[in-house]
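Encoded as structure tokens, the structure appears first; notes follow it.
The values are calculated or read from the model by the stated rules, or taken from the named source; none is laboratory data. Just so it is clear, the model here is predicted, and its values are computed rather than measured. Note that each Cβ is placed from the backbone with ideal geometry, even for glycine, and that neighbours are counted across all protein chains shown. Heads up: the accessible areas ignore ligands, DNA and RNA and are worked out on the full protein's heavy atoms, side chains in. Shrake-Rupley method; radii C 1.70, N 1.55, O 1.52, S 1.80 Å.
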Amino acid sequence: ITLLVDLSGSMRGPKIQETFQAAIVLAEVLNRLSIRTEILGFNEELYDYQLFGKAMSPEVREQMGGMLAEVHTPSAAYNDDGWALTQAVERLQTQKEREKFLFVLSDGQPVPSAVHSGPEYELSGVIDHIMRTTTIKLIGLGVGPDTGHVGKFYPYSIANIGVADMPRLLADLIREAIEHSDRFDTIRL
């Protein structure tokens, strides 16, 4: 399982606080279940918080705390969704497990930086390519109100998630994915 977390400026405040808490709780649970997990953050850059095969530790928790500050950096002016998604997929595809899930937690429309603004990183095209060429189950989660556009991009998505509901909803969704992964096969384009 990969959790890819939007760290653009629009995630400041309660959105990043709740998303961070949900990521920590889920990482703890997934690690206890021996489910290989990677947690990445993105804006104009990609941030490694927990790598596949790395146990949850005080150091990993401290590193994940960087999410809270990252939304305030100059890189947070951008939301390079398409580029970040391609990076996460490449990493996830190297894993040996048969079932692979990628959860994208975001509240915004893509706002690519000049570095990642080419047509190869256009979000709809990237998602279409992933859906056609991989077996990765891709799920978009719209953090906060007014995130219905997430459904425009991700064939399987949940939008307008209240920040207080994020930890419970993400836990329920991951449990569903683990118990009934075949239900996510129907989203292939």
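For the listed residue pairs LYS54/LYS96; LYS54/LYS137; LYS54/LYS152, the alpha carbons are over 24 angstrom apart in LYS54/LYS152. When DSSP beta bridges are restricted to pairs lying wholly in the chain, around 20% turn out antiparallel. Over the chain, dividing the summed -39,500 (n - 2.57) contributions of all DSSP H runs of at least 4 residues by the number of residues returns a 222 nm mean residue ellipticity of -11500 deg cm²/dmol. In order along region 140-154, phi translates into HN-Hα couplings of x, 10, x, 7, x, x, 6, 10, x, 5, 4, x, 5, 9, 9 Hz, rounded to whole numbers, per the Karplus curve 6.51 cos²θ - 1.76 cosθ + 1.60 with θ = phi - 60° and x for Gly and Pro. Backbone phi angles across region 168-184, fed through the Karplus curve with coefficients 6.51, -1.76 and 1.60 (θ = phi - 60°), yield HN-Hα couplings of 5, 5, 5, 4, 4, 5, 5, 4, 4, 4, 5, 6, 9, 4, 5, 5, 8 Hz in residue order; Gly and Pro are listed as x. If a spin label sat at a point 7 angstrom from the Cα of ARG61 along the line to its beta carbon, the backbone N atoms of region 13-46 nearer than 19 Å would be those of 17-35, 37-40.
Annotation: per residue accessible area for region 101-159 equals 41 Å², rounded to a whole number [probe 1.4 Å, protein chains only]. Using 0.36 nm per residue and subtracting the Cα-Cα separation, the extra length available between GLN95 and GLU122 on full extension is 7.2 nm. Volume per residue for region 41-189 equals 124 cubic angstrom (convex hull of Cα atoms). For region 12-26, putting each phi into the Karplus relation 6.51 cos²θ - 1.76 cosθ + 1.60 with θ = phi - 60° gives couplings of 4, x, x, 4, 6, 4, 6, 5, 4, 4, 4, 4, 5, 4, 5 Hz, in residue order, rounded to whole numbers and with x for Gly and Pro.
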